[in-house]
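The structure appears right after this line, and notes come after that.
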Amino acid sequence: MSTDDLFPSALDRARKKAYLRLLPLLFLCYVIAYVDRANVAIAKLTMTRDLPAFDNAVIGFGSGIFFVGYFLLEIPGTLIVEKWSARKWISRIMISWGLVAALTAFVKVPWHFYAVRFCLGLAEAGFFPGVIVYLTHWFPSRDRARALAYFFVATPIAQMVSPKPTNALLKIGIDGNPPFLGLVGWQWVYIAWGIPAVLLGFLVLFFLTDRPGQARWLDPDERAALEDELAREKKLHHGGKHLGSIKALGDVGRVIALAAAYFFVVTGNYGVEFFLPSILEKWYSLKLDQLTWLVILPPMGSLVGQLFIGWNSDRTHERIRHASLPIYFGAAALACTILLKDPPLWLTVGLFILAMTGLKAYLPAFWSLPTLFLTEAAAAASIGLINSVGNLGGFLGPFVLGKVETITGSFKGGILFLCVSMTISATIILLLGASGLGRKTPVKSILEEEAALLAETDAVIEPA
């Protein structure tokens, strides 16, 4: 054991406390956010029995229109986190989305569903990129991909923990079970998962801290050390120059390329997520109890993949390949689900595990890319733009998959579309790497510039 392990520095103590204080709550918030966004995938299995007009085309369009509302308020919400208060804004987001999510229980016709999903997107807009910007207020470059990985694993965890409780709720009002308070299972799914978002919104207001300088749970020397480290990184990263949001959007080529790459991979991700239960049900005539066990398995691959990519990307200081190769891998696995002739259930589920691993593992490395060339408001504006434009793929993927299935009676054409979309995304990221992005990460830059400064100092004080 080294002396540093026995007597950690003020900076190391601050970094550890920040991990333990901030990430568990943000993680839990994202779990609930993702459940409220995606629980329609399982709720629809009984929802369509009570609402015959809700075919796969309606569900796909309604699931995707969430991202149109999300798009409209994404950049303003992200800038509010940077300029005002992450704590207050994230609290507002969670309380409003919890209430809107619960209202989904009372839809009767397709336009009700479309309206509620659109409003849910408006309510949640700014949460995901806002947290990414918020983490840059707390975590130095050396910790950022790992912190993002811990946050991002909330999505596979949400997909693992939600199916069985959702399955239990769905049994209310069917198979001889009476309705509860006049409502049936799929309605209780939306209500039961909306309530935790409201409660967590109040916890965020009391437990999050906007900046290290405001953290009473850090010792004075820890606050100073962490603030000094973050300020030093900004100065080294951009030579002490402040970049505003206009300057951020001035680096238009890279920002648009990252937005396009995110758009195409999100198209694949949400196409699979929103329709995986329906695909397995149709291909193998599975019962609800079987289905909700099987859909837990693909997120397990996502969990392992995200943790590994976050760890290895920070260890090697490499982002481009860590972002692109998992997406290629996932596209290949997804293609095999339709190219193989009548594969057995175990093989299809295994391929979806591999596909979802690729569709999630890239995230920590990908979201480290904007901060390679942007800081402060510049990063906030660009991250908001990348996420809002990219998430429109969350509309396209489910819409195409649901529409193609309604027209052709098969999911295969839609799945092929998702594979092509993912391949385009990975290729864009590789081309960004070829153009120079990612060749030198902030961590490497900082270490090299520190070495250069030390060398200059030595040269000045060295005797003639």
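What follows is calculated from the coordinates using simple rules that are stated; it is not laboratory data. Here the structure is a predicted model, which means the values were calculated and not measured. Cβ placement follows ideal geometry from the backbone for every residue including glycine, while neighbour counts extend to all protein chains displayed.
Karplus-derived 3J(HN,Hα) values for region 217-230, using 6.51 cos²θ - 1.76 cosθ + 1.60 with θ = phi - 60°, are 7, 9, 5, x, 5, 5, 4, 5, 5, 5, 5, 5, 5, 5 Hz; glycine and proline are entered as x. For the chain, taking Cα atoms only, Rg and Dmax work out to 22.9, 94 Å respectively. Between their Cα atoms, which of K44/K403; K282/K403; K44/K287; K16/K88 are more than 19 Å away from each other? Result: K16/K88 exceed 19 Å.
For region 263-329, the fraction of C-alpha pairs farther apart than 15 angstrom is 64 percent. Report, to the nearest 10°, how far helix 345-361 tilts away from the longest principal axis of the Cα atoms in the chain, using its own Cα long axis and a range of 0 to 90°. Here the helix axis deviates by roughly 30 degrees.
Report note on the peptides 69-75, 326-332: ranked by the mean count of other C-beta atoms within 10 Å, highest first, their order is 326-332, 69-75. Taken about its Cα centre, region 131-241 carries a charge dipole of about 280 debye when Lys and Arg each add +1 at the Cβ and Asp and Glu each add -1 at the Cβ. Averaging the sequence gap over all C-alpha pairs within less than 8 Å and six or more residues apart, then dividing by the number of residues, gives the chain a relative contact order of 25 percent. Placing +1 at every Lys and Arg Cβ and -1 at every Asp and Glu Cβ, with all other atoms neutral, what dipole size does region 1-138 have around its Cα centre, in debye to the nearest 20? Using only the charged Cβ atoms, the result is roughly 320 debye. Once the Cα atoms are used to define both axes, helix 56-83 deviates from the longest principal axis of the chain by about 20 degrees. Distance between Cα centroids, region 304-345 to region 68-117: provide it in whole Å. Region 304-345 and region 68-117 have Cα centres spaced 30 Å from each other.
Computed across region 256-401, the Kirkwood radius stands at 16.1 Å (inverse of mean 1/r, all Cα pairs). Set against the 2.2 N^0.38 Å expectation for a compact globular protein, region 13-56 has a Cα radius of gyration ratio of 1.96. A straight Cα-to-Cα reach below 16 Å connects K235 with the lysines K444, residues fewer than 8 places away in its own chain not being considered.
Think of each Lys and Arg Cβ as +1 and each Asp and Glu Cβ as -1; about the Cα centre, that makes the dipole of the chain roughly 880 debye.
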